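Asks: Starting off with a structure, shown below.
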Amino acid sequence: MKTIAFHLPQFHPIPQNDTWWGRGFTEWTNVTKARPKFHSHYQPHLPADLGFYDLRLPEAREAQYELAKTYGISGFCYYHYWFAGKRVLNRPVDEILESKKPDFPFCLCWANESWTRAWDGRSGDVILDQAYSSADDQAHIEHLLPFFDDPRYIRIEGRPLFLVYRAELLPDPKRTADIWRTAARRAGIGEIYLACVESFVRSKMPESYGFDAAVEFAPDWRCVKPITLMQKIKLLSTGAPLHPGFYKHRIVDYHDVVHRMSSKPEPNYRRFPCVTPGFDNSARRAVDATILINSTPSAYGTWLKQTLQREYLNSKAVEEPVVFINAWNEWAEGNHLEPDQKWGSAYLEAHRDAVATTSAEFNDPKSPLCGLSFPLSDGSTDCV
């Protein structure tokens, strides 16, 4: 089985961030400024084993790989930023390609949104615009081909896997897909495997984009239902004082998200599922942050194991189960498997145990689960 973790390369300074956010800005800038918004709110999330690393350093990248490999992560899916030929935050992945180190599987996900000041609540303020054209599609694929040709690059059905975060933003996704596929064939790469991330919009058939599959995003925002005002008031009866900040943010129960996402019906197309250890972007937002409460390593491990089981039992699975994890290191979104000062390596341990036990159950001929093939979900959900 493969568990592929989304990886954010925003942990080194770049000139653009120096200009927009202040000299020396990295993801750590927001992380260290975070403060609790209400009683028992876990902030800030501070790193443990790997420290406040700089991804320009090969030693930092090597340490990430060693940790991920130890705990059963199959590979990283690096966010890739391309704006009509302009690239940002590309140094870590460029050096991984050029140096051939670390020897760890990886793939790319094109984060094809325009950059705005959404992080500080001003989403209408565009600071780096995204533009599309046939010529740019051609230039883009030419840039990607050396990555696809790398023996470490993750493949599905023997084909290099490339994700697009917001395929619905492409003006003509079928045209883009056709240009990419044609160029890959001509370059000797062969067929490529295109996947659209189900991040913000209602599911569509990947074929409608000219793509092969979809990748679920966690949390699925259609399944995020904040607790109500009455539920917040009920919490007052517990005796826990509620800070005013409790009312300024979207407070969501982690277990409710897990239930809603696990209850979604199986689609009639290939969709790789995704799980998350948590989510809390209050490090970036003073108001209107989304904060998942009650996340624990045990709850994460249970969700991951159930998802892996479902993939094993899913008759549409190709080659081997593939599950995405959001994320390896989204520290400013409270969304990371990397060890922190509260939980240590407990989330990674839960990940390792879920992978190991599920693999044993489905590969042991004596196990009642071995050889089964049917979907688990009853399809009951109100995620709309």
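Asks: Of the residues that sit in the stretch 44-67 and are surrounded by 17 or more Cβ atoms within 10 Å (Cβ to Cβ) and touching a strand residue (DSSP E or B) at 6+ places or on another chain (Cβ under 7 Å), which one is nearest to D125 (Cα to Cα)?
Replies: Going through the qualifying residues, I end up with H45.
Asks: Among the residues of the stretch 85-95, is there at least one that is polar (S, T, N, Q), at pLDDT 95 or above and open to solvent by 50 Å² or more (accessible area, probe 1.4 Å)?
Replies: No.
Asks: Something else: Out of A184, A131, which single residue is within 24 Å of F272 (Cβ to Cβ), in contact with a strand residue (DSSP E or B) (Cβ under 9 Å, 6 or more places away or on another chain) and hydrophobic (A, V, I, L, M, F, W, C)?
Replies: Within the list A184, A131, the selection yields A184.
Asks: Taking the stretch 261-307, which residues are over 25 Å from E361 (Cβ atoms), modelled with pLDDT of 95 or more and of a type in the set (D, E, K, R)?
Replies: D280
Asks: I would also like to ask the following. Would it be correct to say that P226 is at pLDDT below 95, touching a His at 6+ places or on another chain (Cβ under 7 Å) and over 23 Å from V323 (Cβ atoms)?
Replies: No.
Yes or no, residue by residue, for (1) within 30 Å of R166 (Cα to Cα); (2) touching a Cys at 6+ places or on another chain (Cβ under 6 Å); (3) at pLDDT 95 or above:
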| site | (1), (2), (3) |
| --- | --- |
| H41 | no, no, no |
| P44 | yes, no, yes |
| D49 | no, no, yes |
| R56 | yes, no, yes |
| A60 | yes, no, yes |
| Q64 | yes, no, yes |
| T70 | no, no, yes |
| G75 | yes, no, yes |
| Y79 | yes, yes, yes |
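Asks: Within the stretch 134-168, track down each residue that is open to solvent by 60 Å² or more (accessible area, probe 1.4 Å), within 22 Å of F324 (Cβ to Cβ) and modelled with pLDDT of 95 or more.
Replies: P151, R155
Asks: Further question: Taking the options F11, F38, F6, name whichever one is farther than 25 Å from I127 by Cβ and either touching a Gly at 6+ places or on another chain (Cβ under 7 Å) or open to solvent by less than 10 Å² (accessible area, probe 1.4 Å) (or both). Even if it seems obvious, please write down each step before you answer.
Replies: Details: F11 fails: farther than 25 Å from I127 by Cβ; F6 fails: farther than 25 Å from I127 by Cβ.
None of the others qualify; the one that does is F38.
Asks: Condition first: at pLDDT below 90 and among the hydrophobic types (A, V, I, L, M, F, W, C). Now tell me which residues in the stretch 346-371 satisfy that.
Replies: The answer is A360, F362, L369, C370.
Asks: Pairs only if they're at least six apart or on different chains, beta carbon under 7 angstrom, first in the stretch 165-192 and more than 15 Å from D149 (Cα to Cα), second among the hydroxyl-bearing types (S, T, Y) and assigned to a helix (DSSP H, G or I); list them, first residue then second.
Replies: That search, which allows pairs on different chains as well, returns A167/Y209; L170/T176; P173/Y209; K174/Y209; R175/S134; A177/Y209; I179/S134.
Asks: Let me ask something else. If you go through the stretch 1-36, how many residues are touching a Lys or Arg at 6+ places or on another chain (Cβ under 7 Å) and modelled with pLDDT under 95?
Replies: Of the residues in the stretch 1-36, 0 are touching a Lys or Arg at 6+ places or on another chain (Cβ under 7 Å) and modelled with pLDDT under 95.
The values are calculated or read from the model by the stated rules, or taken from the named source; none is laboratory data. Predicted model only: the values in this text are computed from it and were never measured. Virtual Cβ from ideal backbone geometry, glycine too; neighbours counted across all protein chains shown. Areas reflect the complete protein model, heavy atoms only, side chains present, ligands, DNA and RNA absent. Shrake-Rupley method; radii C 1.70, N 1.55, O 1.52, S 1.80 Å.
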